[in-house]
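Remarks on the structure that follows.
We did not get these values from a lab; they are worked out from the coordinates using the rules stated. Since we're looking at a predicted model, the values are computed, not measured. Glycine also receives a Cβ, built like all others from the backbone with ideal geometry; neighbour counts cover every protein chain displayed.
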Amino acid sequence: MNATSTGFLPGLEGVVAAETRLSSVDGQAGELIVRGFPIEELALHASFEETIFLLWNDRLPNAKELLAFRNALATESHLPDATLQLLKAAAKTNCDSMDTLRMAIDSLSLANDDTGMRIDQMKADGLRLVACFPLIVATYWRLLTGKPVIEARPELGIAANYLYMLTGAEPSDAKVKGLSTYLNTVADHGLNASTFTARVITSTESDLISALTGALGALKGPLHGGAPGPALDMVFEIREQGDAEVYLRRKIEAGERFMGFGHRVYKVRDPRADVLAIAAREMYEAGGDMELFRLAGEVEALALRLLEEYKPGRNLKTNVEYYTALLLHGLDLPTALFTPTFSIGRAAGWTAHCLEQASQNRLIRPQSVYIGEHGRSWVSVEDR
Ligand SMILES: CC(C)(COP(=O)(O)OP(=O)(O)OC[C@H]1O[C@@H](n2cnc3c(N)ncnc32)[C@H](O)[C@@H]1OP(=O)(O)O)[C@@H](O)C(=O)NCCC(=O)NCCS
């Protein structure tokens with residue numbers, strides 16, 4: 001996107017708005033580095049707890065530190081009664097899962113102990129936030145679907161406990177590995193819209209719960225985190241209608257977008273799509289619907305060919321949402337839970353960015369260029 005005549009860059013494309021030691025996104029090379037690790041290396045090996053520790057501390061924990069960190073997270077793995085009441089009220093009105101998550105995260109302020117020091121308070125809130133995100137999502141899902149709420153078993157670890165609280169059954173190792181890989185893969189991704197939102201809020205010296213509440217609002221939009229559901233819908237519709245090419249041509253000729261393709265930054269294949277494709281294959285091979293997995297691969301190849309044909313030169317490639325949809329579906333998560341599950345992973349990055357912002361803070365306050373009218377004179381309401 002080029003600058004307008006006033007020098008404004010729509011969408012702030014290409015504008016550097018922060019220095020960070022958290023992650024590096026190279027859209028031309030198709031490379032994502034998190035705290036020095038290529039995403040392919042980190043996501044397929046780490047537990048989600050190790051990734052959070054790495055993001056917060058700039059190094060991996062040793063065995064003793066990891067145990068202490070898991071214990072600290074387990075201590076925070078309970079919801080205040082007011083949050084539970086809010087979830088029950090939201091379920092009665094069939095409230096959207098992301099709206100409910102946003103309200104419930106905000107309600108954690110009700111249980112806040114004031115630790116005095118800003119950074120200490122942020123770290124305490126950070127632990128509570130990353131521990132409570134999966135609890136809120138799973139508890140709300142049970143309430144929304146009229147099922148009894150399942151008590152957390154935090155000793156299982158964040159990924160396994162989340163699946164356990166959703167279903168009441170201990171998940172297989174393959175599923176825990178699949179979900180951990182997903183959470184690690186989406187944990188951080190440069191200065192995306194929700195992370196920027198969280199940093200802006202932190203820069204005003206507001207608190208971490210406010211920052212993550214704002215970030216959730218930004219993540220909900222379909223141009224950011226709200227697209228993985230539709231990406232899979234496309235594959236399901238093709239499975240029903242039979243002819244993928246007819247379906248996709250009709251869609252693009254009607255001016256519609258292929259969900260799960262295109263990215264503001266990546267102009268080659270999103271490296272996260274590759275990691276998730278590996279994780280999804282492993283999980284499906286361990287006992288999933290391999291026919292669906294194969295069809296998704298065929299639809300992807302066809303969509304890429306048609307995007308090149310209809311949108312030449314735009315470099316529209318598979319983005320993270322496409323294989324997210326396949327992976328989360330393989331975990332038996334309904335599409336309504338895809339974006340909330342994304343936010344469980346991204347909460348690790350949001351909290352890390354807020355800590356980084358607070359440690360080197362300067363109020364984020366860019367400028368706007370006025371392009372409106374000048375020289376108007378007041379006309380009373382009767383004369384308009
Ligand atoms: C992600 C996204 C918003 C990035 O968009 P962007 O960088 O702002 O790109 P633009 O909206 O400027 O689009 C550039 C061109 O590519 C087209 N395009 C972009 N994504 C497309 C898609 N998924 N399917 C079809 N065409 C697409 C646009 O129509 C536009 O065409 P034009 O030049 O003929 O007008 C966009 O690719 C999109 O809407 N993708 C689908 C939703 C999705 O997967 N979101 C998850 C993102 S992680």
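Worth a mention:
- Least to most buried among His45, His263 (fewest other Cβ within 10 Å first): His45, His263
- Only lysines eight or more places from Lys317 in sequence, or on another chain, were considered; those with a Cα closer than 28 Å are Lys175, Lys177, Lys220, Lys251, Lys267.
- Normalised by the number of residues in the range 233-384, the mean separation of alpha-carbon contacts (under 8 Å, six or more apart) gives a relative contact order of 27 percent.
- When each of Met98, Met283 is scored by the number of other beta-carbon atoms lying within 10 Å, the sequence from fewest to most is Met98, Met283.
- Of the peptides 87-96, 155-164, the order by per-residue mean of other Cβ atoms within 10 Å, starting with the highest, comes out as 155-164, 87-96.
- Net charge dipole, the range 208-317: roughly 640 debye, given to the nearest 20, about the Cα centre with Cβ charges of +1 for Lys and Arg and -1 for Asp and Glu.
- Across the range 214-356, counting alpha-carbon atoms alone, Rg and Dmax equal 15.4, 50 Å.
- By average C-beta atoms within 10 angstrom, highest first, the peptides 197-208, 65-76: 197-208, 65-76
- As a proxy for reagent exposure, Phe258, Phe53, Phe37 were ordered by neighbouring Cβ count within 10 angstrom, fewest first; the result is Phe37, Phe53, Phe258.
- Among the DSSP helices (H) of the chain, those spanning at least 27 angstrom by Cα along their long axis with an average Kyte-Doolittle hydropathy of 0.5 or more are 118-144; this is a geometric and hydropathy rule only.
- Packing-based order for 19-25, 122-128, using average beta carbon neighbours within 10 Å, highest first: 122-128, 19-25
- Separation between Cα centres of the range 45-86 and the range 307-332, rounded to whole Å: 31 Å
- Farthest toward the positive end of the dipole of the range 155-239, out of Gly157, Tyr182, Ala169, is the Cα of Tyr182, where the dipole comes from beta carbon charges about the Cα centre.
- Under a model in which nothing but the beta-carbon of Lys, Arg (+1) and Asp, Glu (-1) is charged, the chain shows a dipole of about 440 debye around its Cα centre.
- Calculated mean residue ellipticity, 222 nm, the chain: -18500 deg cm²/dmol, from DSSP H runs (n ≥ 4) at -39500 (n - 2.57) each, averaged per residue and rounded to 500.
- Working from Cα pairs under 8 Å separated by at least six residues, relative contact order for the chain is 24 percent.
- Looking at the range 265-369, none of the GluC sites (Glu not before Pro) sits in a DSSP loop with at most 16 other Cβ atoms within 10 Å of its own Cβ.
- Viscosity 0.890 mPa s, temperature 25 °C, Stokes-Einstein D of the chain from Kirkwood C-alpha radius, µm²/s: 111 µm²/s
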